[in-house]
1. Can you tell me which residue in the range 65-88 is least open to solvent (accessible area, probe 1.4 Å), limited to those that are outside any helix (DSSP H, G or I) and touching a residue at least 24 places away in the same chain (Cβ under 8 Å)?
2. Within the range 1-25, restricting attention to residues that are free of Cβ contacts under 8 Å to residues at least 24 places away in the same chain and either in a helix (DSSP H, G or I) or in contact with a Lys or Arg (Cβ under 6 Å, 6 or more places away or on another chain) (or both), which residue is farthest from Asn97 (Cα to Cα)?
3. Filter the range 26-52 for residues that are assigned to a helix (DSSP H, G or I) and at pLDDT 80 or above and give the result.
4. Within the range 53-61, identify whether any single residue is in a loop (DSSP other than H, G, I, E, B), open to solvent by 90 Å² or more (accessible area, probe 1.4 Å) and modelled with pLDDT of 75 or more, and answer yes or no.
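The values are calculated or read from the model by the stated rules, or taken from the named source; none is laboratory data. Owing to the predicted nature of the structure, the values given are computational and were not obtained by experimental measurement. Don't worry about glycine lacking a Cβ; one is built from the backbone with ideal geometry, like all the others, and counts go over all protein chains shown. All accessible areas refer to the heavy atoms of the entire protein, side chains included, with ligands and DNA or RNA removed. Shrake-Rupley method; radii C 1.70, N 1.55, O 1.52, S 1.80 Å.
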Amino acid sequence: ACVLGTRYGLGTLLAATDSDAALRELKEAVSATPGCDFVKIAATQRLERDDAAREATRIEDLLGSGALDAAAEFAEVLVDVFLLADADAYVGKFTSNLDRLAYALLAIRRGA
């Protein structure tokens, strides 16, 4: 992130994750990287959630039990996709269709 940010003049890193632990790990890695002090990390808005419960339980079970609100979850996903698609650069794992969707929307927006 720091190398790309310096090369292309980027300064904000938008992290779209449903894991507070992953976000903490990213912030620690960026702050520990020399020359990366220009990077600001912005996380997409998320409802408060219990990471341990989410990782230990299937999403279908959480939704079925009412522990998660399906409409709120979907709204958060849409916000993430549109924020990512509006970026100047995109780095993703591309292991999910959400990565692919955000990248495709970004490419269409850019006329690629």
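1. Just the residues of the range 65-88 that are outside any helix (DSSP H, G or I), to begin with: 66-69, 86-88.
Those left that are additionally touching a residue at least 24 places away in the same chain (Cβ under 8 Å): 87-88.
On the way: Ala87: 25, Asp88: 116 Å².
It comes out as Ala87.
2. We begin by selecting, within the range 1-25, every residue free of Cβ contacts under 8 Å to residues at least 24 places away in the same chain; these are 3, 7, 9, 22-25.
Subset that is either in a helix (DSSP H, G or I) or in contact with a Lys or Arg (Cβ under 6 Å, 6 or more places away or on another chain) (or both): 3, 7, 22-25.
Values: Val3: 27, Arg7: 28, Ala22: 20, Leu23: 21, Arg24: 24, Glu25: 24 Å.
Looking at the filtered set, the residue picked out is Arg7.
3. Narrowing the range 26-52 to residues assigned to a helix (DSSP H, G or I): 26-31, 51-52.
Listed by number, the residues that qualify are Leu26, Lys27, Glu28, Ala29, Val30, Ser31.
4. yes
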